[in-house]
Amino acid sequence: AYVERGIRVNALAPATVATPMAARAAADPDTMAYLERKQPLAGGMLEPDDVADAALYLCGGESRRVTGQTLVVDGGWTVRGDDR
């Protein structure tokens, strides 16, 4: 087992992030309106720094006891519970 060797395995699960890959979605007003509804804490797409900050947390000492987790960074998408 990896944990006995001090190896921690965690994952990040981001929603839509404002990157070049998402440029086409960002240019579509209907898509952006949908993302604003689905990701209310992000106000639309996440910023790359939102995901980077989560990665830094998982790499830092503050998370030294965190293992086997998926950190969802989605601006509230998963807790909405509907498809408004």
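Observations
- Projected label points at V9 and R80, each 7 Å from Cα along the beta carbon direction, are separated by 3.2 nanometres.
- Each of A22, L12, A42 was placed along the dipole of segment 1-49 (beta-carbon charges, centred on the mean Cα), and the one lying farthest toward the positive end is L12.
- Between helix 48-59 and the chain: long-axis angle, C-alpha atoms, 0 to 90°, nearest 10: 10
- Percent of alpha-carbon pairs separated by more than 18 Å within segment 3-78: 46
- Calculated [222 nm] ellipticity per residue, helices only, for the chain: -9500 deg cm²/dmol; basis is -39500 (n - 2.57) per DSSP H run with n ≥ 4, divided by all residues, nearest 500.
- Taking label points 7 Å from Cα along the Cα-to-Cβ direction, A1 and E62 give a separation of 2.8 nm.
- Cα long-axis angle, helix 29-38 against the chain (0 to 90 degrees, to the nearest 10): 40
- Long-range amide H partners of V72 with built H, under 5 Å: A13
We did not get these values from a lab; they are worked out from the coordinates using the rules stated. Since the structure is predicted, the reported quantities are computational estimates derived from the model, not experimental observations. Reconstructed Cβ throughout: ideal geometry from the backbone, glycine too, with neighbour counts over all protein chains shown.
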